[in-house]
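Structure first, commentary second.
The values are calculated or read from the model by the stated rules, or taken from the named source; none is laboratory data. As the structure is a prediction and not an experimental result, all values here were calculated from the model. As a convention, Cβ positions derive from the backbone with ideal geometry for all residues, glycine included, and neighbour counts pool all protein chains shown. These area figures cover heavy atoms from the full protein model, side chains too; ligands, DNA and RNA do not enter into them. Shrake-Rupley method; radii C 1.70, N 1.55, O 1.52, S 1.80 Å.
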There are 2 protein chains.
Amino acid sequence: MAKKREMASMENCVCFNMRRFSRAFAHFFVSELQHHGLLPTQTPILAALAAKPDANMAELSDWLGMDRTTLVRNLHPLERDGLVKASGKGRGNRVSLKLTTKGQSTLGEFVPDWQKTQRKVVETLGEARWNEILDDLERAASSLNK
Amino acid sequence: MAKKREMASMENCVCFNMRRFSRAFAHFFVSELQHHGLLPTQTPILAALAAKPDANMAELSDWLGMDRTTLVRNLHPLERDGLVKASGKGRGNRVSLKLTTKGQSTLGEFVPDWQKTQRKVVETLGEARWNEILDDLERAASSLNK
DNA sequence: CATGTTGGTGTGTATATGCACTTTATTACC
DNA sequence: GGTAATAAAGTGCATATACACACCAACATG
C-alpha cells in the first residue's frame, strides 16, 4: 500500500513533482535515444509537422502545448540542421512550416527506436494504468488553465 | 470512459506529455503566486533548506531530483536577493547552504498562499487520486533511472 | 485614402536544464 | 611527508521556457 501523502506539505507540491518527474523521464528518453541526435523537445515538433503539414507557428505551438515564442527558438536548431523548412518568414507574414526530406527520414529512423523506449516506460505501470494517468493529468491541467 | 490511447503513437509519448503537463501546472502555479516574486524552481529549494539546514550542493540537488550543476545556477538569484546564504564557497570546498532570516520570512509568507493553490489543484482529481498518481509516477521514474 | 485594429511573428531579458570539463580540497597509501 | 586517488564545487556551451515588447501585413472603418 502506498503511504498517504500530506498534500499540504511542499514536498508534495504538484508543480514541483511534475517538474521533477518530467526531468526524470526526459533523462531516460535522452539516454536511450541520444544517438539519433534529437532532443526531447525536437521530436514532438517533427512528429507534429509530419501529421499536420503547413502549420502556423501559433497553430503548432498550441497543439504542442508550449509557448509560441518558445517554439520560435526551438525551431532554429531544426532549421539549421535542415530538418524543417519555414517558408514566408518574417514579421507579419504567416509562416508555413514543413518537414524537409531529411526531416522525414530522420524522423522515420527515430520512431522505431522511440517505440522501444516508450514500451519500456509503459511496462513500468502497464498500459491501462498509463492511460488513466495521462487522461487524469490532461483533465486536471485543462480544468485549471482555462 | 476514457478513450484508449495508442501508446505506440508519438502524440502519447510519456516524455513529451510529462513535459507538457509540467509546463501547464507550472503556468497555473506561477499565475496564482507570482506576486510573491518566487519562481517555481525556487520555492522547493527554500522549502528543502528549511527542512534540511546546512545541506551540501550534492545532497540538496539529490533531494530535489535535479542536476547538481543546475542547482548551482538556480541558487544565484536566491543568493543575490538575500534569501539564501552559501558559506565556504569555492571549488573543492564544501558549501553549507542556509536560509537567511529574509529567506525564512519570505517562505513563511509564501506557504499559506501556496497551500490554497495546491488545494485547487488537488481538488481537480481528489486527494486519493493524486496520491496514487504521484506514487505511480515515482515508482515508474525510479525503476527506469537506476 | 488615412487610420486604427487585429492577427501572426520575432526579440530582449531572465531564468532553467544538463553534459563535458575544470579546479581545488581532502583523503589514502607508500 | 609526498603523491595519487577521490570527492566536491564551479564553468562553457547549447538548448529550453516564457513574459513583455516591438514589428509588420492585411483588413476594417470613417
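One table, with the values for the structure above:
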item	result
Filter result (open to solvent by 60 Å² or more (accessible area, probe 1.4 Å) and within 14 Å of DNA strand D (Cβ to nearest atom)) within the range A:38-65	A:L39, A:D62, A:W63
Subset tally (residues that are in contact (Cβ under 8 Å) with a residue 40 or more places away in the chain, surrounded by fewer than 16 Cβ atoms within 10 Å (Cβ to Cβ) and within 16 Å of DNA strand C (Cβ to nearest atom)) for the range B:83-114	1
Check on A:R19, of a type in the set (D, E, K, R), open to solvent by 50 Å² or more (accessible area, probe 1.4 Å), under 21 Å from A:W130 (Cα atoms) and touching a helix residue (DSSP H, G or I) at 6+ places or on another chain (Cβ under 8 Å)	yes
Odd one out for A:L125 among (1) among the hydrophobic types (A, V, I, L, M, F, W, C); (2) open to solvent by 20 Å² or more (accessible area, probe 1.4 Å); (3) within 20 Å of A:K52 (Cβ to Cβ)	(3)
Candidates A:Q104, A:Q115, filtered to the one that is within 16 Å of A:F25 (Cβ to Cβ) and under 19 Å from the mean Cα position of the chain (by Cα)	A:Q115
Filter result for A:D136 (open to solvent by less than 50 Å² (accessible area, probe 1.4 Å) and in contact (Cβ under 8 Å) with a residue 60 or more places away in the chain)	no
Meets criteria (of a type in the set (V, I, T) and within 15 Å of DNA strand D (Cβ to nearest atom)) for A:V84	yes
Which listed residue is under 19 Å from the mean Cα position of the chain (by Cα), open to solvent by 60 Å² or more (accessible area, probe 1.4 Å) and under 19 Å from B:Q115 (Cβ atoms), from B:H35, B:H76	B:H35
Any hit, the range B:88-101, residues being within 30 Å of A:T124 (Cα to Cα) and either within 13 Å of another protein chain (Cβ to nearest Cβ) or at pLDDT 95 or above (or both)	no
Residue that is nearest to B:D113 (Cα to Cα) [pool: residues in the range A:1-27 that are of a type in the set (A, V, I, L, M) and within 12 Å of DNA strand D (Cβ to nearest atom)]	A:M18
One residue from B:V111, B:V30, B:V72, B:V95 being within 10 Å of DNA strand D (Cβ to nearest atom), within 27 Å of A:A141 (Cβ to Cβ) and of a type in the set (V, I, T)	B:V30
